[in-house]
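Worksheet: the structure to be examined is printed underneath.
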Amino acid sequence: MKLITFAIPCYNSAAYMEKCINSLLVGGTDIEIIIVDDGSTKDNTLEIARKYEKEYPDIVRAIHQENGGHGEAVNTGLRNATGRFYKVVDSDDWVDEKSLKKVIKTLKSFEEDNEPDMVIANYVYEKVGATKKRVIHYRNVFPIEKMFTWDEMLAKFKVDQYILMHSVIYKTEVLRKCSLELPKHTFYVDNIFVFEPLPCVNKMYYIDTNFYRYFIGREDQSVNEKVMISRIDQQLRVTKRMIESYLSIEHNNEKCRYYMRNYLRIMMEISSIFLIISGTKEDLAKKKELWQFVKNKDKNLYKELRFCALGWSVNIPGGPLGRGISKIGYKVMNKLIGFN
């Protein structure tokens, strides 16, 4: 069994995937790299993947599948993973080599009968044109380099500090235990990947190192504002699934439940603000329907999501004037955080 499996979902990724792969190869034979070619058609993604598999047969595996979307590529990686831990690295991102060595050393230090269910590390916004790289860390939230539980968290998360796919490494057994299966042909499923396994997480470990490098800058990227508006139905699909998951899962820890509830507040805010920015009659109706969906599912959850700062910020009364204030608030936050 390998120590950790890194899955790299690839779709027409030939222009940048080698930087990603090369950054991981520093991990040597302790790691497994599964390159999933998700039905690429426009370039030689599969050829590059097979080249690495041939050159590094003890580390790299190349898997070709019919196009199923990012989520299905993550599913395929998980189905084939032999590592005790599982980490997704998108093909246009990469990892810091020094941090990778630290992560591997830390994972190797755990006894197999006393491993964390989830490991968290910092990530860095590698935004095109930014003179200063923004680091998302968790020093104020988690004990550093120490096993801990939900009840031992130090403080609440800031709005830009939530656990994302970039920062998380899951124990493979945990993902399989919760029967994680991401939907096909749907963007933004990385939120589901992080969210749904959380009730199965008991022990955690935080490594204070700037590990994951999150690239932002391509016009066709899923987090590009215009792209997000064009794919808003997929964002809504993900948000609704997370709401249903939250309501259906048995929560054994109130702090975990509180964290997940706050995550839903962010998802509702993101979905709502892009429907507001779109501004079409159809999309404004979808926003109203989204909030009604939550209310119909659970009135208590609706109150918790609607009557908080984020819920209020996207439901300001006053028609066009209120929506205009919501847009300004979003622009200010994006300027401060730079999340797309």
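The values are calculated or read from the model by the stated rules, or taken from the named source; none is laboratory data. Keep in mind it's a predicted model, so treat the numbers as computed, not measured. As a convention, Cβ positions derive from the backbone with ideal geometry for all residues, glycine included, and neighbour counts pool all protein chains shown. These area figures cover heavy atoms from the full protein model, side chains too; ligands, DNA and RNA do not enter into them. Shrake-Rupley method; radii C 1.70, N 1.55, O 1.52, S 1.80 Å.
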Could you say which residue among ILE316, ILE325, ILE232 is touching a Gly at 6+ places or on another chain (Cβ under 7 Å) and more than 20 Å from GLN161 (Cα to Cα)? ILE316
Tally up the residues in segment 173-198 that are under 19 Å from ARG84 (Cα atoms), out of contact with any Pro (no Cβ under 7 Å at 6 or more places or on another chain) and open to solvent by less than 20 Å² (accessible area, probe 1.4 Å), please. 4
Any residue at all in segment 225-246 that's open to solvent by 40 Å² or more (accessible area, probe 1.4 Å) and in contact (Cβ under 8 Å) with a residue 60 or more places away in the chain? yes
If you take the residues in segment 200-224 that are open to solvent by less than 20 Å² (accessible area, probe 1.4 Å) and not in a strand (DSSP E or B), which one is modelled with the highest pLDDT? VAL201
Return yes when SER99 is hydroxyl-bearing (Ser, Thr, Tyr) and touching a helix residue (DSSP H, G or I) at 6+ places or on another chain (Cβ under 9 Å) and no when it is not. no
Yes or no: segment 117-130 includes at least one residue that is assigned to a loop (DSSP other than H, G, I, E, B), open to solvent by 50 Å² or more (accessible area, probe 1.4 Å) and at pLDDT below 95. yes
ARG257 passes all but one of (1) under 23 Å from ASP160 (Cα atoms); (2) open to solvent by less than 40 Å² (accessible area, probe 1.4 Å); (3) charged (D, E, K, R); which number fails? (2)
Of the residues in segment 304-329, those that are touching a residue at least 40 places away in the same chain (Cβ under 8 Å) and farther than 21 Å from ARG261 by Cα come to ARG323, SER326, LYS327
